[in-house]
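Colleague: My structure is below; once you've seen it, I'll send some questions.
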Amino acid sequence: MTDRYRQITETVLIISGQDPRQCMACGKCTASCPAYEHMNYHPHQFVSLVKKGKSHMLLDDTSIYHCLSCYACAERCPRGVEPVKLIEAIRLLALREKGANRLTPDAVSQLLDDEMPQQVLVSAFRKYSK
Ligand code: SF4
Ligand code: SF4
């Protein structure tokens, strides 16, 4: 494992505050994930890859942008692991590596329409503005 890969996983663990060693690979998080079909890597696989020090494999994968931040995975975990927080941490790192937010307040007015629920905006800021 290179120093860079080790550093990525250490940063993910610090940001997320999670301990993937608690995971017993039961798969309940993945079974309850509403974004399952859109993800190349599923919640239990996120946990497993971070546990193995392979967080870098997730940085460029589109799965991190399909998470809805619904926290169903965290609610279902019998071991107190919150996969959603690992995903958010990896998404944050991916955004930092790009060197810029993907959504700024100035751009929001161009995206609004009458039927858009406010939750979409809140969720978008959580995902794309760190
Ligand atoms: S928070 Fe994300 S990973 Fe967890 S169940 Fe919801 S969509 Fe899936
Ligand atoms: S529900 Fe918890 S223990 Fe089970 S696979 Fe997911 S993170 Fe691991």
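Each value in this text was obtained by applying a stated rule to the coordinates, not by laboratory testing. All of these numbers come straight from a predicted model, not from anything done at the bench. No Cβ is skipped: glycine too gets one built from the backbone with ideal geometry, and neighbour counts run over all protein chains shown.
Colleague: Of the options SER109, ALA94, PRO20, report the single residue whose Cα projects farthest towards the positive end of the charge dipole of the chain (beta-carbon charges: Lys, Arg +1; Asp, Glu -1).
Modeller: Going by the Cα projections, it comes out as PRO20.
Colleague: If the chain between GLN110 and THR62 were fully stretched, how many nm would it gain, using 0.36 nm times the residue separation less the Cα-Cα distance?
Modeller: Value of the extension gain: 14.8 nm.
Colleague: Return the ratio Rg/(2.2 N^0.38 Å) for the chain, where Rg is computed over Cα atoms only.
Modeller: Dividing the Cα radius of gyration by 2.2 N^0.38 Å gives 1.08.
Colleague: Once the piece of chain linking GLU10 and ARG126 is laid out straight, how much longer is it, given 0.36 nm per residue of separation minus the C-alpha distance between them?
Modeller: That works out to 39.6 nm of additional length.
Colleague: Would you kindly enumerate the cysteines in the chain that have no other Cys beta-carbon under 4.7 Å from their beta-carbon?
Modeller: CYS23, CYS26, CYS33, CYS67, CYS70, CYS77
Colleague: Can I ask one more? Rounded to the nearest 0.05, what FRET efficiency do GLN118 and ASP19 have when you use their Cβ-Cβ distance and R0 = 35 Å?
Modeller: For GLN118 and ASP19, the calculated efficiency is 0.55.
Colleague: Give me a comma-separated list of calculated 3J(HN,Hα) values for region 81-88, in order, Karplus coefficients 6.51, -1.76, 1.60 applied at θ = phi - 60°, integers in Hz, x for any Gly or Pro.
Modeller: Per-residue couplings from phi come out as 8, 10, x, 4, 6, 5, 5, 4 Hz.
Colleague: Run a plain Debye calculation on region 1-75 (Cα atoms as equal point scatterers, no solvent) and give log10 I(q)/I(0) at q = 0.12, 0.14, 0.26, 0.27 Å⁻¹, rounded to two decimals, same order as the q list.
Modeller: For the requested q values the scattering log ratios are -0.31, -0.43, -1.37, -1.42.
Colleague: Within the set of other residues whose C-beta is less than 11 Å from the C-beta of CYS26, count the net charge using Lys and Arg as +1 and Asp and Glu as -1.
Modeller: +3
Colleague: Give the dimensionless ratio obtained when the Cα radius of gyration of region 60-115 is divided by 2.2 N^0.38 Å.
Modeller: 1.43
Colleague: Here's a follow-up. Peptides 7-19, 77-89: what's the order by average Cβ count within 10 Å, highest mean first?
Modeller: Going by the mean number of other Cβ atoms within 10 Å, highest first, we get 77-89, 7-19.
Colleague: If you don't mind, another one. Once every DSSP H run of n ≥ 4 in the chain is given -39500 (n - 2.57) and the sum is divided by its residues, what mean residue ellipticity at 222 nm do you get, rounded to the nearest 500 deg cm²/dmol?
Modeller: About -15500 deg cm²/dmol.
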